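Just so it is clear, none of the values below were taken in a lab; they were calculated from the coordinates. Computed from a predicted model, the values in this text were never measured in an experiment. Note that each Cβ is placed from the backbone with ideal geometry, even for glycine, and that neighbours are counted across all protein chains shown.
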Amino acid sequence: MLEQDEVQGGKSAVYLSPVAQRRADFGSACGSLFAQLQLADSAGRTLEQIAAEPPDLLVIDLDRFEPGIDLEALGQLVARRGGAPVLLLCPYASARWLPALTPYGPASYLVTPLDAEALRAGVARHLAAGASGADLPDALSDLLALRSRVQAAIGAAEDVRALGEGLCQALASWPGVLHAALLHRKPDGDLQLEAEQTRDGAPPLTLDNLLQRRDRLLQSPLRHAFPGLLAATTGELVLLASLEQAGEPALTATLPGVAMALGVAIPADGPGAPRGAISLLLDAPRTLSPAGFSTLQDVAALAALGLRLAETRLENEQLLAQLTYISTMDALTGIANRRHGETLLEKEIRRARRYHVPLALVAFDIDRFKNINDSYGYPVGDVVLRSVCQAAQAVLRGSDMLVRSGGEEFQILAPHTSAIDALKMAEKVRLAIAQAEIPGADHVTVSLGVAQLGEQESGDSLVQRVNAALARAKRAGRNCVELAMQ
């Protein structure tokens with residue numbers, strides 16, 4: 001431990017840093033503030049010095065300390081400081097030190113880097129204040145209101161976008177917050193600007209110009225400087241007491257009226273990258289109290305819960321859609337399967353009865369399909385089935401429904417269609433399929449039967465009549481259309 005006596009001040013202090021150059025710089029900038037300044041290089045020896053002679057101020061420079069390694073030692077130093085006020089010098093990209101040390105005892109802080117003049121002014125201000133934590137502006141009512149608004153926003157959200165909008169609106173109402181944004185990690189691992197909100201009555205402020213994009217934010221030129229992006233990539237709490245501390249002129253140039261910026265990481269469920277981050281831009285510098293830091297951590301935890309619920313809801317919807325597709329669509333051709341076709345037919349029959357409109361049913365199958373499988377193999381047979389469906393759908397209307405009712409058998413449900421119009425449609429389908437180019441096989445033809453729903457006819461009766469017409473088309477030489485008998 002080094003000692004440096006300066007007689008211009010009337011008080012004593014201990015400054016702790018593991019970096020020799022930082023100890024020298026602090027002594028040069030602030031030594032004249034104290035009658036006695038002791039420069040320490042380890043928490044253990046600092047504790048011994050405090051026990052021997054309690055100082056008027058303990059300054060802990062957190063730069064180069066690691067929370068996972070040094071937290072307990074520095075925490076004990078804060079807890080056993082001998083009554084001395086504690087001033088933490090915290091790097092802006094490692095602000096999680098501040099809430100981490102809160103349980104050990106009260107402490108004031110300055111966010112670094114600071115030039116020599118600003119550092120001296122900050123230390124002098126805290127030395128004059130005397131008691132750590134004397135100026136903590138976060139009103140309990142404001143913190144409780146913020147937490148309540150965030151909980152309500154998350155509870156009302158149906159999806160990630162709605163959650164982001166509600167969360168940002170809640171955060172933008174916190175006193176001093178000029179702009180709030182939610183950065184969300186997508187399944188591909190990159191970040192997206194999910195939502196943002198400017199405080200009511202303030203000039204509009206968006207992050208698009210600053211970050212130069214709304215998605216793939218990890219490619220933004222400011223990914224190493226903007227607090228929200230830093231928090232989302234490192235998992236740290238990032239706090240810029242002034243935008244100049246980041247060393248990026250683009251921040252101050254693009255964010256007029258912003259005096260302070262916060263990035264709060266949204267934790268992941270387990271190991272891995274954070275789910276994203278909350279970005280807060282403030283219109284004036286403020287000192288956050290331990291309760292303020294705790295509230296921000298609670299908000300981040302609530303956001304993580306909301307995102308998890310929204311993502312789970314989306315996954316469930318996707319699984320339901322996939323299950324519905326599997327249960328209703330034919331896997332090979334991508335059209336409705338037989339079971340779903342029967343449901344559609346009954347639905348269209350009820351519609352036709354209710355509105356007194358015609359309904360036609362067309363049935364067709366591929367001529368001599370067994371010979372195709374025997375000659376070319378089943379893979380080519382699958383290609384033929386898909387090609388036939390594509391050719392048929394190309395000439396059908398948007399309201400017509402194509403159904404695979406069997407192996408090489410198909411149906412077309414044609415609402416608002418009479419028998420005459422259905423005959424014309426069937427002829428278009430027959431011609432389109434006959435002319436279709438099929439990879440790996442010769443041209444194929446189909447035989448078709450057409451029927452119009454009778455006034456009192458059931459679905460089973462309609463299907464029987466159209467299948468009988470199809471059988472007549474087969475007997476007539478195939479590659480033709482037959483109208484069902486009434």
Å³ per residue enclosed by the Cα convex hull of the chain: 205
Prolate/oblate/rounded call for segment 338-483, Cα gyration tensor, a/c under 1.5 rounded: prolate
Thr324, Thr233 arranged by Cβ crowding within 10 Å, fewest neighbours leading: Thr324, Thr233
Mean ellipticity per residue at 222 nm, deg cm²/dmol - from DSSP H runs of n ≥ 4 across the chain, formula -39500 (n - 2.57): -14500 deg cm²/dmol
Sorted by Cβ neighbour density within 10 Å, fewest at the top, the residues His126, His224: His224, His126
Relative contact order computed over the chain (Cα-Cα under 8 Å; 6+ residues apart), in percent: 9
Nearby lysines by direct alpha-carbon distance to Lys424 (threshold 26 angstrom, same-chain neighbours under 8 apart not counted): Lys347, Lys474
Cross-link reach list, aspartates and glutamates versus Lys11, counting only Cα pairs under 18 Å and skipping chain neighbours closer than eight places: Glu3, Glu53, Asp56
Footprinting exposure proxy for His179, His356 (fewest neighbouring C-beta atoms within 10 Å first): His356, His179
Under the Debye formula (equal points on every Cα, no solvent term), log10 I(q)/I(0) of segment 2-129 at q = 0.13, 0.17, 0.19 Å⁻¹: -0.45, -0.80, -1.03
More than 18 Å apart - percent of Cα-Cα pairs taken over segment 140-315: 56
Mean shadow area of segment 162-246, taken as a quarter of the surface of its Cα convex hull (nm²): 6.0
